[in-house]
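The values are calculated or read from the model by the stated rules, or taken from the named source; none is laboratory data. Because the structure is a prediction, the values reported are computed rather than measured. Glycine gets a Cβ as well: all are built from the backbone with ideal geometry, and neighbour counts include every protein chain shown.
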Amino acid sequence: MIEPNLDLLVPAYVREFEPYIPSKPDQELQKLYGCDHLYRLNNNENPLGPPPGAQEVIRRFPPPRGAVYPSGDSYYLRQEIAACHGIDPDQVLVGNGANEVIAFVIKAFCSQGDNIITADKTFAVYEWVAVFSGIEARVIPLKEERFDDEAMLEGIDAATKVIFLCNPNNPTGTYWSRDTLRAFLEEVGGKQIVVIDEAYYEFVEADDFPDGISLINDYPNLIVFRTFSKMYGIAGLRIGYLVGDLKVVDMIRRTCIVYSVNGIAQEAALACLRDETGHIRRTRELVREGKAFLCAEMAVMGLPVIVGEGNYLIVKLTGSDTLAYRKLMHEGIMIRPMTGFRYPNHIRVTMARMEAMEAFVAALKNILA
Amino acid sequence: MSQDHDRIVSLQLTAQMSFLQIATHCVETAAKAFGLGKEESLKLSLATEEIFSYLGSHVCRGGILDIRCINRLSYVRVEFRFSVSTLNMGALNIAASVDCENEDDMAEMGLAIASRTINRLNIVAERQNCICLAIENDKHYPPAPKTYVVPIDVTGALMVETPDTEGVKQYVTRVAQGSPDPIRPIFFNYPGQVADMVAAGNCQVVTAVDAKGELAGGVLFRFLTTRIVEMFGPHVFQQDREGEIAGLLLDACIARTVRSKAIGLVSLTGMPSSVQSQFELLGLMNHYRHDGKTIAGQAFYRLLHEDPGCLVFTDTSLKDYLQREYSRLFLAREIREVRDQGEMKAGASIFATEVHREGSVAILRPLWPGVDYDANVKKHLLFLEEEVINSIFFNLDLGVSWHASLMAVLLANHFRPVLIIPFAGQADLLIFQYDRTEP
C-alpha cells in the first residue's frame, strides 16, 4: 500500500490548521462527567425552542418527503425574507447555517495574498474560514469591549477584501449604533466588502441599534447575515442567510453550494418568519429576567459581568475558566469558557429558564466555595 | 517550524560501509554551511560516523538510508530515516550494549558513543517499522554579559509587543542577569541563541513595554507537542507591578496560542505567584544537580478549551493513582484497566532516549513493545548512571494501551509517577521520575 504524501498534497495552511472539535453529544458528556442532567448554557440556544408554527412543521413533516430534494435555492423562503424586508428575493442567499454563508463570502471575494479584518474577541468562524482558506485574518483588539472602528480602518490595506463585524458582538453584547455604523461605512467608501453578522438581531432592544438590511441601498458593499438558530430556536436544523446588493449577491451565488439547506429547515424557517404568537416577545422577556437575576447574583458574589444585547452575558472569574467549565460540568451545568474567545478566566452564560439560572448560580457558588 | 528548502540538505544512500565517508562529509559540510563552528561540525560528523557504522552493521545493513541535515538556526539537526525488521529492533536502544565489557564490543556501542559527542539524540517511530533517529548540536553563542543590572523604572500604561531581534536579546539578557534560577533552561543564558530560535520559528517571545519603550517583562513560549504549548515565565522586571505585568504577558501568550493547534498551556519551570491562580498545579518534578542538591520544580497547566474527555489505559497498580489525580484535576476520563491475559508477546522492546547533557536530564519513552521490559529498563538505568545523568524521566502515553504494561515494571525499578500532562500524547502523558532516594 502506498500512502499519499500529505505534505505535498495538502496546502500548508490546511495542514497547519487545527480542526475544531465540537462537544460530544450530551449523553456522552453526562457519562464522562458523571452527571444525571445537563443544563445547556453554552451555545446561546433558545430554551423556548422554535415558535409554535415551526414546531408544527417539524412534527408534521411527511416522511416520504425525505426522499425528495428540497428547493435548491430555498425559493419560497427567499421570497418570504424579501417580503419582510422589502427587497428583491435575489438579494437573499440561504445557507446551511450562517457558518456556511461566511464561507460563501470568503470564497467569493478572497484569494491568496488577500486579507480579512475582524476583531480578536468575537465569533471565531470568520477568522477560521479565512485561515484554512489561506487568507490572512487580521484581528483587531476590541476597545472597551467594543469593535474598534478607528483601528479597523487603520488595519485596511490594498489587500483587504472583507471586514467582518458582529453586531451585537458575541460574546460581549456590545454594538455599534446606527451613527457609528454609517460613519464607518462612509470611511470605507465601498472599497471593501463590509459584513455585519446580525445573528442576535432579534434580541436587541436598544433604540439606536441599526437594521443592517435597511442600509444596503445606501451602501451596496454591505452584506448582512441573519440566522434562525438563535431567536427562532431551530439551531438543530442549520439554516441562516445573507442579504446584500443584487450585483454583490450575484457574485457570491457563484461560490454557493445549492441544495445544502434541507427541506424541513426551509419550511420551519418560513413558519418562524410568519409567527404571530409573540415568540420574540416571550423570548425577550425570558432573557431580560435572566439577565436581571444573574447580574444581581453575580454582584452579591463579587464577580464582574459584561452584559449588553443578546441572550448571554459574561462573568469574570478569579481563576481558570476552563477549570470552572469542568467543575460545572460535574454539577450538570454546561457553560462556554471564554479563553477560546481570548477572554481567559471569563465564562459566557446563555439566558435560560429560571430553573436553569438558579441551578447555575448554586453550582457556581459551590465550585467557588 | 519553517520548512524552507534552503535550510535542508538531504542525501539518500545505501547503508554500507563504503559510503561512510560520503555521509560524514555531507553532514560536516552541511553543518558548516549552516553556521556551526568547526568543532561542533566535527562532533556531528563523528556522531554520524558512529551512527552510520552502527546502522550499517546492526540495524539496516544494505538498506536505504535517508539523511537530512536541517538548519534550525540555533542548532543543526541530522535525521537518519530507515526501515527495520522486528529481528533487529532491540539494537535501536541507546543502552543496547551496556553489558559489553571488552574493547572488541565497542562497535556495539555506536548509539551510546554518538550520544556523548552531541547535545541531543532522539528516536521516533514514524510509521510501521520506519524509524527516524535524530541528533542535534547547538551553535556556540556568547553568554549574556554579567554586568550590573540597572533597576527598571517603568512608568504609565504598558503594552505588549512582539519584539524584534534586539528586543528579544534585551529580554533574554535581562532574564539571565536576574536572580539565579537552577531550573531555568540553559538557552536563557544566550541571547543570540534565543534570537535564532525565534527567527527559526521554534519559539515566540512577547514583551511588555511602557510608552518610552522601557522593558517591563517578557514571556517565551513554544510548542512542546503538537497540542501543548510550554511557557517560560512570564518574567517580570519591575516587581512592584508584578501582578499587572505578568497578567498582561500571560493574556498575550494565550491570545497568540488559543486559536492555534494548542489545547493546553503548560509551565514546567515555575511562574510568578500572581498568575498561579489561573493555572492548575499538576505536581512536582525534582531536579537533581551535580552538587548533590535537589530542587523541586512545580508544574502548572491550564486548558485553553473545553475538556473533550478521553479514554486512558492503566495497569492495576496505578488505577487508584489515576482516579485520584483525575478527580483532583476534574478531568473527565474513562479509565480502562489493561490486564495480561496470556496473549503472545515477542521481540525486544525499544525505548527512545532523549538525552540533554547540558541539563543532565534524560527522558525515556516506549517506542516498541516487547517481552523484555524489566531488563530493558534496568539496562537504561545502568547506562544513564554511567553517563552521569542526574534526572531521569519516563513518559508513558496513557492513550496507548500497551504502555500500561510498563507501569508495574517502572514502579518496581524505583520510578514514581509525578504528574500527568493532559493531552501531551495521544491521550494524557504520565510522567515518571526515577527516585534516587530509594536504595
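Does region B:13-29 contain any residue that is part of a strand (DSSP E or B), touching a Leu at 6+ places or on another chain (Cβ under 8 Å), touching a residue at least 12 places away in the same chain (Cβ under 8 Å) and at negative phi?
Within region B:13-29, the first condition is being part of a strand (DSSP E or B), and the residues that meet it are B:13-14.
From what is left, the residues that are touching a Leu at 6+ places or on another chain (Cβ under 8 Å) are B:13-14.
Add one more test, that the residue is touching a residue at least 12 places away in the same chain (Cβ under 8 Å), and what stays is B:13-14.
Next cut, at negative phi only: B:13-14.
Among the residues of region B:13-29, at least one is part of a strand (DSSP E or B), touching a Leu at 6+ places or on another chain (Cβ under 8 Å), touching a residue at least 12 places away in the same chain (Cβ under 8 Å) and at negative phi, which makes the answer yes.
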TODO: Could you run through region B:382-420 and say how many residues are under 16 Å from the mean Cα position of the chain (by Cα) and in a loop (DSSP other than H, G, I, E, B)?
DONE: 2
- [ ] Scan (1) under 14 Å from B:Gln204 (Cα atoms); (2) buried (at least 24 other Cβ atoms within 10 Å of the Cβ); (3) away from every other protein chain (no Cβ under 14 Å) for the single condition B:Pro234 breaks and write down its number.
- [x] (3)
TODO: List every residue pair whose Cβ atoms lie under 9 Å apart, where the two residues are 6 or more positions apart in sequence or sit on different chains, the first residue falls within region A:1-23 and is within 11 Å of chain B (Cβ to nearest Cβ) and more than 21 Å from B:Gly309 (Cα to Cα), and the second residue, located anywhere, is assigned to a loop (DSSP other than H, G, I, E, B) and not polar (S, T, N, Q).
DONE: A:Ala12/A:Gly134; A:Glu16/B:Lys261; A:Phe17/B:Lys261
Open item on the list: Restricting to region A:234-271, give me the number of residues that are of a type outside the set (S, T, N, Q), surrounded by fewer than 23 Cβ atoms within 10 Å (Cβ to Cβ) and out of contact with any Leu (no Cβ under 9 Å at 6 or more places or on another chain).
Closed with: 13
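Does B:Arg227 qualify as being basic (Lys, Arg), surrounded by fewer than 22 Cβ atoms within 10 Å (Cβ to Cβ), under 20 Å from A:Pro337 (Cα atoms) and more than 9 Å from every other protein chain (Cβ to nearest Cβ)?
Taking the combined requirement at face value, the residue does not satisfy it.
Would you confirm whether or not region A:304-319 contains a residue that is more than 22 Å from the chain's Cα centre (by Cα) and either crowded, with 21+ Cβ neighbours inside 10 Å or aliphatic (A, V, I, L, M) (or both)? Break it down into steps so the answer makes sense when it comes.
Within region A:304-319, the subset more than 22 Å from the chain's Cα centre (by Cα) is A:304, A:317-319.
Still in the running and either crowded, with 21+ Cβ neighbours inside 10 Å or aliphatic (A, V, I, L, M) (or both): A:317.
The answer is yes, given that some residue of region A:304-319 is more than 22 Å from the chain's Cα centre (by Cα) and either crowded, with 21+ Cβ neighbours inside 10 Å or aliphatic (A, V, I, L, M) (or both).
Give region A:27-56 a look and list any residue that's assigned to a helix (DSSP H, G or I), over 21 Å from the mean Cα position of the chain (by Cα) and either of a type in the set (A, V, I, L, M) or more than 13 Å from chain B (Cβ to nearest Cβ) (or both), or say none. It would help to see each step written out before you state the result.
Taking region A:27-56 and keeping what is assigned to a helix (DSSP H, G or I), we get A:27-33, A:52-56.
Adding the requirement that they be over 21 Å from the mean Cα position of the chain (by Cα) leaves A:27-33, A:52-53, A:55-56.
Scanning region A:27-56 gives A:Leu29, A:Leu32, A:Pro52, A:Gly53, A:Gln55, A:Glu56.
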- [ ] Give just the number: which of (1) part of a strand (DSSP E or B); (2) farther than 28 Å from A:His330 by Cβ; (3) assigned by TED's automatic domain parsing to the domain that holds B:Pro185 does B:Leu281 not satisfy?
- [x] (2)
Task: Leading residue by the ranking (farthest from the other protein chains (Cβ to nearest Cβ)) among those in region B:297-321 that are crowded, with 22+ Cβ neighbours inside 10 Å and not in a strand (DSSP E or B) - done: B:Leu318
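Residues to consider are A:Pro344, A:Pro337; find the one that is modelled with pLDDT under 95, surrounded by 19 or more Cβ atoms within 10 Å (Cβ to Cβ) and within 14 Å of chain B (Cβ to nearest Cβ).
On the way: A:Pro337 fails: modelled with pLDDT under 95.
Among A:Pro344, A:Pro337, only A:Pro344 is modelled with pLDDT under 95, surrounded by 19 or more Cβ atoms within 10 Å (Cβ to Cβ) and within 14 Å of chain B (Cβ to nearest Cβ).
How many residues are farther than 23 Å from A:Thr255 by Cβ and either within 12 Å of chain B (Cβ to nearest Cβ) or in contact with a Phe, Trp or Tyr (Cβ under 6 Å, 6 or more places away or on another chain) (or both) when one looks only at region A:123-156? Spell out how you get there, then give the answer.
Step one: list which residues in region A:123-156 are farther than 23 Å from A:Thr255 by Cβ, which gives A:139-155.
Restricting the remaining residues to those that are either within 12 Å of chain B (Cβ to nearest Cβ) or in contact with a Phe, Trp or Tyr (Cβ under 6 Å, 6 or more places away or on another chain) (or both) gives A:139, A:141-142, A:149.
Qualifying residue count for the region: 4.
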Open item on the list: I'm trying to understand the selection: among the residues of region B:421-436, which are assigned to a loop (DSSP other than H, G, I, E, B) and among the aromatic types (Phe, Trp, Tyr)?
Closed with: B:Phe423
Open item on the list: Exactly one condition in (1) under 22 Å from the mean Cα position of the chain (by Cα); (2) surrounded by 17 or more Cβ atoms within 10 Å (Cβ to Cβ) is false for B:His290; which is it?
Closed with: (2)
Task: Matching residues, region B:162-214, being in contact (Cβ under 8 Å) with a residue 24 or more places away in the chain, surrounded by fewer than 15 Cβ atoms within 10 Å (Cβ to Cβ) and more than 21 Å from B:Asp138 (Cα to Cα) - done: B:Thr162, B:Gly178, B:Ala211, B:Lys212
Task: Out of A:Leu323, A:Leu328, A:Leu364, sole residue that is free of Cβ contacts under 8 Å to residues at least 12 places away in the same chain, surrounded by 23 or more Cβ atoms within 10 Å (Cβ to Cβ) and part of a helix (DSSP H, G or I) - done: A:Leu323
Open item on the list: For the list (1) closer than 29 Å to A:Lys24 by Cα; (2) under 19 Å from the mean Cα position of the chain (by Cα), I need the number of the one condition that B:Leu367 fails.
Closed with: (1)
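Condition check ((1) surrounded by fewer than 20 Cβ atoms within 10 Å (Cβ to Cβ); (2) modelled with pLDDT under 75; (3) aromatic (Phe, Trp, Tyr); (4) over 25 Å from the mean Cα position of the chain (by Cα)) across all residues:
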site	(1), (2), (3), (4)
B:Val27	no, no, no, no
B:Leu42	yes, no, no, no
B:Ser45	no, no, no, no
B:Asn71	no, no, no, no
B:Ser74	no, no, no, no
B:Ser83	yes, no, no, no
B:Ala96	no, yes, no, no
